[in-house]
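First comes the structure, then the notes that go with it.
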Amino acid sequence: MGQMNRKLLNKTSRLACVCFIVFTTTAFVPIFSNKAILPSTVDDPEVVFVWDGALPRISDKDSYKDGIYSQLSDRELMLALLDESAAIWSNVAGSYLKLKIEENPGLAKFDPKDKVNSIVLSNTGTLSAAATATPVLSENKSVIEDCDIILSEMGEKNIQSILIAMVHELGHCIGLGHAHDNLDSIMGYGRTYSSYKLGADDKAGAIYLYPDPAYGDTKVRQAVPVQCGNIGVFGSSSQWATLLIASLPFSLVFFRRRIRWK
Ligand SMILES: [Zn+2]
């Protein structure tokens, strides 16, 4: 094998490794190994987070999404962002959990022992952390009985970054840990795009921890076949496309060698 081919093979095998990582490492990570959850049940699904009312400096209130928030006061805007972050976790189909935000400056404070879930603005103590969450387990370790979120007061923040930070920290409070090698998870740092939406595995984590027994495929009835298409069969065009892309590095090596022989 020539030096060029060896170099090419080196490059392509590295590419194959990257593809392998992208296709295989997708999963959520529970923050506690024993499946601890916020105090909630299917019949009593609501968990409240109280906000201390302190406001970060928001840089793009007038320009964000063509100014949809420009008419709101800073306080109304912050409440809207907190509500939207909570709603992201409350609206996972298949999870019963409902998160609720209430403004209560007298009650909200960073205190891991007061059994009050608080959202406060403060100096997080580190330059790199935009926010932190501190989930605290009950004595029998089955319940996350307190989870305070600190948003860093340092610098100006744009709306998108506040939403991403809040959804990520609320994710810790409901019981999810970091999924760093999951490129689609808001709970990891490996995400290749800037969005506060949940990835499929974030949703899977919420469903795993807070399963809603009422959720299921209502179209499926006993003794009625479920139509599933071409699962596991290379029949659809998207499956052929996947195969083609996966084989690209090897095809490159093959054709490169053939061209050299001529
Ligand atoms: Zn985190």
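Read-outs throughout are calculated quantities, based only on the coordinates presented, and are distinct from any laboratory measurement. Worth saying up front: this structure is predicted, and the values here are computed from it rather than measured. In this analysis, Cβ positions are derived from the backbone assuming ideal geometry, glycine residues included, and neighbour counts consider all displayed protein chains.
Check each of the GluC sites (Glu not before Pro) in the stretch 48-153 and keep only those in coil by DSSP with at most 15 other C-beta atoms within 10 angstrom; list them in order. Show your work: numbers first, answer last.
Working: sites: Glu76, Glu84, Glu102, Glu103, Glu139, Glu145, Glu153; in loops: Glu139, Glu153.
Answer by residue number: Glu139, Glu153.
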Overall form of the stretch 64-133 per C-alpha gyration tensor (a/c, 1.5; a/b vs b/c): oblate
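Just need the Rg to Rh number for the stretch 46-209, please, alpha carbons only, Kirkwood Rh. Walk me through the numbers before you get to the answer.
On the way: Rg = 15.3 Å, Rh = 16.2 Å.
Ratio value, two decimals: 0.94.
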The stretch 151-173-the stretch 193-213 distance, computed between alpha-carbon centres (Å): 18
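Taking 0.36 nm per intervening residue step and subtracting the Cα-Cα distance, what contour gain separates Asp111 from Arg75 on full extension?
Working: separation 36, 0.36 × 36 = 12.96 nm, distance 2.33 nm.
So the extension gain works out to 10.6 nm.
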